[in-house]
Each structure stands twice: as C-alpha cells, then as structure tokens.
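The structure appears right after this line, and notes come after that.
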Amino acid sequence: MISADQQPDLRRKLRRSKSRARLRGLLLVAPALLLLMVAFVAPIGGMLFNAVANPEFRSAMPRLADYVREWDGQELPGEEGYRLLAEEIGRAYSDKTLPGAAMRLNYEQSGLRSLFMRAGRRADRLEAPYRRSFLELDKDWGSISVWQAMQAASAPFTARYLLQAVDREITWDGEIRLVEPEKRVFVDRFEATFWISFVVTSLCALIGYPMAYAIAAAPPRRARLMLVLLLLPFWTSLLVRTAAWVVLLQRDGIINDALIWIGVVDQPVQLIFNRLGVYIAMTHILLPFMALPLYSVMKGISPNHMRAAASLGAGPISAFWTVYFPQTVPGLGAGCLLVYVLAIGFYITPALVGGSGDQMISYLIANFALGTANWSVASALAIVLLCCVAIFYPFFRRYVGIDRLRLG
C-alpha cells in the first residue's frame, strides 16, 4: 500500500518519467523534422515570399519610393518630385542597383527599363529645373503612367506575380482584369498540363491494372521475374529513357520502319514533337508508379473471395466488378494520385519529345527561373501549381479512400 505522504512524490516521479519519454521521442524524430524543415518547409516558404516580395525599386531608390507612395496619382508631381527622381536615379546608377529597379518597372510598363537606364547614364547632366530637364531628355517623363508604375513598384509586397500566373493584372485603380489576348499564356499551359497529366494517368491505369493483376496472379517465380522487368526502367536515367523514345519515334525510327514493313502505313507517321509522343513517353516512364501500388493491394486479396462469389452464382464479370474491383480501389487511387502528381511536374520528357504547344507549366517555371532570372514569376507559377494539387488531394482522398492503402 502507498501512504498518503508518498503519493505526491510518486506523482512527481511519474511526471518526470513521462517528460523523459516525450523528450526521447522528440529526439528520435528530430532528424526527420529537421530534414522536413530544410527540404520542404523552407523551400515552400521561400517560394511564397518570392511570389509576393517587391523589393527591387524600394531598395534602389528608397526616398523616391516613399515619395510616390504618398503621391495622390491625379496629376504629375511637381518640381520636388523630379528633383528627388534625379538624385535617386543618379545614385542608383552609380551604385549599380538601377538595372534591377528598371527591370522591375518594365514589368509594370514596357519600355521603362530603357527609359530609366538612359536617364541614369545622363543623371550628372540633369539640373534645375529638373522637370524641364527630364522632359528634354525624353517626353515620356511627362506621362503620368510612368509615375503610376513607380507607385505600383514601391510597395513592399505585391499580388502582381500571382495574378500574372493566372493571366490577370491589377490596374492602377485596383481593378483586376484579364490581360490582353496575346499575353494570355499561363492559363493555357496550366490547362495543357492538367489535361496531359489526366490522359497519362488514364493510360497508366488502363495498362497498369491488368499488368498488376497478371503479376499478382502469377506463380511466385514468374511473378518475381515480371517485377524485375517492371522495375527495370528505374535502373536507367530519365533523360536516357526519354532520348531512347526520341530515337524510336522519329520519322526514320524503328517504330515507323516496323509500321511500314507490316503494311499498316505507306509513309512515316509523325510520332514525335507532338502530343502523341508526349503521351507515349510519359506513360512508359510513369507506368511502374501505377502498377506497383495496384500489385501491393492485389497481392493481399484472397482468391477465395472470387470463388465464394462464383459459388453464389455470380459470373466472372459480375464477380470481378462487385467483389474484386472494389477491394483494389485504394491501390488504384494511390497509383492515380502518384502518377498524376508526378506527371504535373514533368519537364524533360515534354521538352524533348513534345512540340511548342505541348510544353507543360514546368517548362515556363524553368524558363523564368533559369532563362530570364525572374524568380518572382517562377515562384508564383509554382505556388499556383502547388495549390491546385493541394486542392485536388483532399477530394481524391475522401472519395477514393487512399488512406486505406497498406503497402507490403
């Protein structure tokens, strides 16, 4: 028996024991949490910041940024505004910070980069009255839209890049509208990305389901051989596999030669640098990601279920759809989700085997990040793509039930 005097001491020992257990558990998962922070949370946080950050103009010309933030925007600034512009543009040019600010202003209005760089080179010749000096340098300095562009670029944060990612823009008075038809490129690429991913996922499901069933139903020795053949593409680089399809699908390639030889066609068929080539190459690359989750689920389904259905009078087709197929839905859902998410981010394969109209949104993200060094637009496109996947996943999980999947 524990006396009343010993109970408080026992409770303290139990609390300390629980605290030590929680600390040990935390230390065990600390490396995984650290890896998650470094490899997942930090990059997404950086993308979120880059998608809304607007530092270029303010860091290059801070006093002018404060001035235009207070400007009413109704009419051109007075002499004080032009004097401040002359001082700031000259200092930014000498500090070599003007090119970044000028490029940022060029996003607001085409032609402002050359206007600001030209003024920066001649800033030492500008003198009072500054407004007349700027107008003599270029009559565009008398346009109120130039000052409105500076005001838009002076805010520390902006929704411009996120709107641009969905072919929208915000006007000076705060109205959000569609951009001109010739500038609407991003929504079309998003639509192409989702459609290509959907078709590839459907093809993988149509091919992968019977493939997984054949492996699951095969004797152990044959099943192991079939699994090795299924996993064989993983031993080869993605770039090499895509390049192999370029060789196979070209007009003088093996597939066209075979089609002509057996008499299916009289002349080579265009199988590459179009949407068909993208479907073929991506389906081949992503097929194992569909077949493996299906095989994992099918392997756990007892053959007695189909025998029991047959003994109760169900035909093969009826038994399959009412007994066997519903048990494979979690594996099918997991495979579809995995293939679809992987397909959305494909870059190399569409770039090599697709045409100009078959490029996916990852091509534009890479172009903005590495080609034009516009990390803000690249981050905004990536965030929109991430949000689309994040919205898609809960519905998929609810109606398909992939949380029921058990691998192994």
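Every number in this text was worked out from the coordinates using simple rules, so none of it is lab data. Remember, predicted model here, so these are calculated numbers, not experimental data. Heads up, the Cβs are rebuilt from the backbone with ideal geometry, glycines too, and the neighbour counts pull from every protein chain shown.
The Cα center of the range 173-243 and the Cα center of the range 338-366 differ in position by 10 Å. Within the chain, the selection of entire DSSP H helices by a Cα span of 18 Å or greater along the long axis and an average Kyte-Doolittle value of at least 0.5 returns 186-217, 275-299, 325-344, 375-400. Compare 211, 282, 360 in a GNM of the chain, Cα atoms joined below 10 Å, and give the one with the largest fluctuation. The residue that fluctuates most here is 211.
When the alpha carbon gyration tensor of the range 145-200 is reduced to an equivalent ellipsoid, the three semi-axes, largest first, read 30, 12, 8 Å. Here the range 188-347 is assigned +1 on the Cβ of each Lys and Arg and -1 on the Cβ of each Asp and Glu. Its dipole about the Cα centre then comes out at about 620 debye.
Comparing 55, 288, 129 in a Gaussian network model of the chain, where Cα atoms under 10 Å apart are tied by springs, the biggest mean-square fluctuation is seen for 129.
For the chain, a simple Cβ point-charge model (Lys and Arg +1, Asp and Glu -1, everything else neutral) yields a dipole of about 2660 debye relative to the Cα centre.
Comparing 15, 69, 125 in a Gaussian network model of the chain, where Cα atoms under 10 Å apart are tied by springs, the biggest mean-square fluctuation is seen for 15.
Per residue, the convex hull around the alpha carbon atoms of the range 188-404 comes to 160 Å³. Relative contact order, whole percent, for the range 179-270 stands at 11, derived from Cα pairs under 8 Å and 6 or more residues apart. As a length-normalised measure over Cα pairs under 8 Å and 6 or more apart, the relative contact order of the range 56-158 settles at 40 percent.
Please give the FRET efficiency for residue 391 paired with residue 178, using the beta carbon to beta carbon distance and R0 = 30 Å, rounded to the nearest 0.05.
Once rounded, the FRET efficiency stands at 0.85.
Considering the range 299-356, its Cα convex hull presents a mean projected area of 6.0 nm².
Ranking 238, 259, 277 by how far each Cα lies toward the positive end of the dipole of the chain (charges on Cβ) leaves 238 at the top. Residue separation of residue 237 and residue 114 scaled by 0.36 nm, minus their Cα-Cα distance, works out to 39.8 nm of gained length. Taking the fewest neighbouring Cβ atoms within 10 Å as the starting point, the ordered list for 232, 386, 292 is 232, 386, 292. Here the calculated FRET efficiency for residue 185 and residue 14, from their Cβ-Cβ distance with R0 = 56 Å, stands at 0.30, rounded to the nearest 0.05. Expressed in units of 2.2 N^0.38 Å, where N is the residue count, the Cα radius of gyration of the range 169-225 is 2.25.
Just the Kirkwood number for the chain, please: inverse of mean 1/r across all distinct Cα pairs, in Å, one decimal.
Radius from the Kirkwood sum: 27.0 Å.
Ordered by the count of other Cβ atoms within 10 Å of each Cβ, fewest first, 321, 172, 261, 245 give 261, 321, 172, 245. Counted over all Cα-Cα pairs of the range 102-163, pairs farther apart than 19 Å make up 34 percent. Using bins of 5 Å that start at zero, the share of Cα-Cα pairs per bin across the range 56-158 amounts to 2, 14, 27, 30, 21, 5, 1, in whole %. Legend: Rg and Dmax of the range 123-232, from Cα coordinates, 29.3, 92 Å. Counting beta carbons within 10 Å around each of 144, 361 and listing the fewest first gives the order 144, 361.
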